[in-house]
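Below you'll find the structure, written out as structure tokens, and then a few comments.
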Amino acid sequence: MPQSIDRREFLKLAGLGGVVFASGLAGGGVANAADSDFYFVQLSDTHWGFNGPAVNPDAGGTLQKAVAEVNGLSFEPDFIVFTGDLTHTTDDPKERRRRLGEFRDIVKGLRNKNVRFMPGEHDAALDNGQAWKEFFGPSYYSFDHKGVHFIAIDNVSDPGASIGDTQLAWLADDLKKQAKDSRIVVLTHRPLFDLYPQWDWATRDGSRAVDLLMPYQNVTVFYGHIHQELHRMTGKIAHHSARSLMFPLPAPGSVPKKAPLPWDASSPDHGLGWRSIAMQGASTRIAEVPFR
């Protein structure tokens, strides 16, 4: 991979035809060095095990196609992250584990083996994440990559849609180790702010996490859950939701009842997609890649 990625190269590595959303962040130090430039891929809401021909007639093949698309990128990402709802919910514990195992086996086909996972409420809410952790390990964690501090927050294993005191204390301790001008990327499933609580598009104690993050100058949040692209700000913190790979959902509050949108055979991408995120110097470039 080249040391520096210009906009044209980024569109190529994003899969051609991606829509770029660029945000400038004030930063310094190693994060501005050319050799710290990198990009990663976010996939979300794959809902393996979903079966609804009127919503997605190829539900059993969509995940495999996404794996093939990422494998076909001309520039290999530094890592790949799945931001929750890897599987579709089921009340049967055996079926839940079967779906998690099938998902894991399919994504083993990714050429890039540096893959990070996070749970969604479909994976974890019915058993507090027990089965998910058996397959994928801790549900919240942090790591550093080329001058950027990444924090994965679990706001789904609690069926009440809370992060919880224990994890918030961990988050506070983790953040204390970071300088106020550190570049921080938060990965989570639900939005941390109250987007539309009537549809469960919120985190009950998300404001406490946002308050902990607010003193830091360069924070970006990437999440899933709402099955559509949306960009919002809370103060100086940018929040970017991702499309689903299985079915789209309506815009917040646009219809009386939340439900998957029906399959549109004439649509070139069916409202589905994934994204590439380039961390270039002091800026973040997001390329939304429609799923074909």
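The values are calculated or read from the model by the stated rules, or taken from the named source; none is laboratory data. The structure displayed is predicted, hence computed values, not measured ones. Every residue, glycine as well, gets a Cβ built from its backbone with ideal geometry; the counts of neighbours run over all protein chains shown. All accessible areas refer to the heavy atoms of the entire protein, side chains included, with ligands and DNA or RNA removed. Shrake-Rupley method; radii C 1.70, N 1.55, O 1.52, S 1.80 Å.
Among the residues making up the stretch 93-117, those that are open to solvent by 30 Å² or more (accessible area, probe 1.4 Å) and either among the hydroxyl-bearing types (Ser, Thr, Tyr) or out of contact with any strand residue (DSSP E or B) (no Cβ under 7 Å at 6 or more places or on another chain) (or both) are 93, 94, 95, 97, 98, 104, 105, 106, 108, 109, 111, 113.
When the stretch 50-68 is filtered for residues that are surrounded by fewer than 18 Cβ atoms within 10 Å (Cβ to Cβ), in a helix (DSSP H, G or I) and in contact (Cβ under 8 Å) with a residue 60 or more places away in the chain, only 65 remains. Scanning the stretch 263-292 for residues that are assigned to a loop (DSSP other than H, G, I, E, B) and either surrounded by 13 or more Cβ atoms within 10 Å (Cβ to Cβ) or in contact with a Lys or Arg (Cβ under 9 Å, 6 or more places away or on another chain) (or both) turns up 263, 268, 269, 270, 271, 272, 281, 282, 291, 292. With respect to (1) of a type in the set (Lys, Arg); (2) at pLDDT 95 or above; (3) open to solvent by 60 Å² or more (accessible area, probe 1.4 Å); (4) closer than 23 Å to residue 82 by Cβ, the lone exception for residue 204 is condition (4).
Among the residues in the stretch 166-183, are any in contact with a Pro (Cβ under 7 Å, 6 or more places away or on another chain), free of Cβ contacts under 8 Å to residues at least 60 places away in the same chain and under 24 Å from residue 43 (Cα atoms)? So far as the stretch 166-183 goes, no, none of its residues is in contact with a Pro (Cβ under 7 Å, 6 or more places away or on another chain), free of Cβ contacts under 8 Å to residues at least 60 places away in the same chain and under 24 Å from residue 43 (Cα atoms).
Of the residues making up the stretch 233-262, those that are open to solvent by less than 30 Å² (accessible area, probe 1.4 Å), in contact (Cβ under 8 Å) with a residue 60 or more places away in the chain and farther than 19 Å from residue 221 by Cβ are 245, 246, 247. Of all the listed residues (175, 212), the sole one being hydrophobic (A, V, I, L, M, F, W, C), open to solvent by 30 Å² or more (accessible area, probe 1.4 Å) and touching a helix residue (DSSP H, G or I) at 6+ places or on another chain (Cβ under 9 Å) is 212. Would you check if residue 230 is of a type in the set (A, V, I, L, M, F, W, C), within 22 Å of residue 66 (Cβ to Cβ), in contact with a strand residue (DSSP E or B) (Cβ under 7 Å, 6 or more places away or on another chain) and free of Cβ contacts under 8 Å to residues at least 60 places away in the same chain? When the stated conditions are applied, residue 230 passes them.
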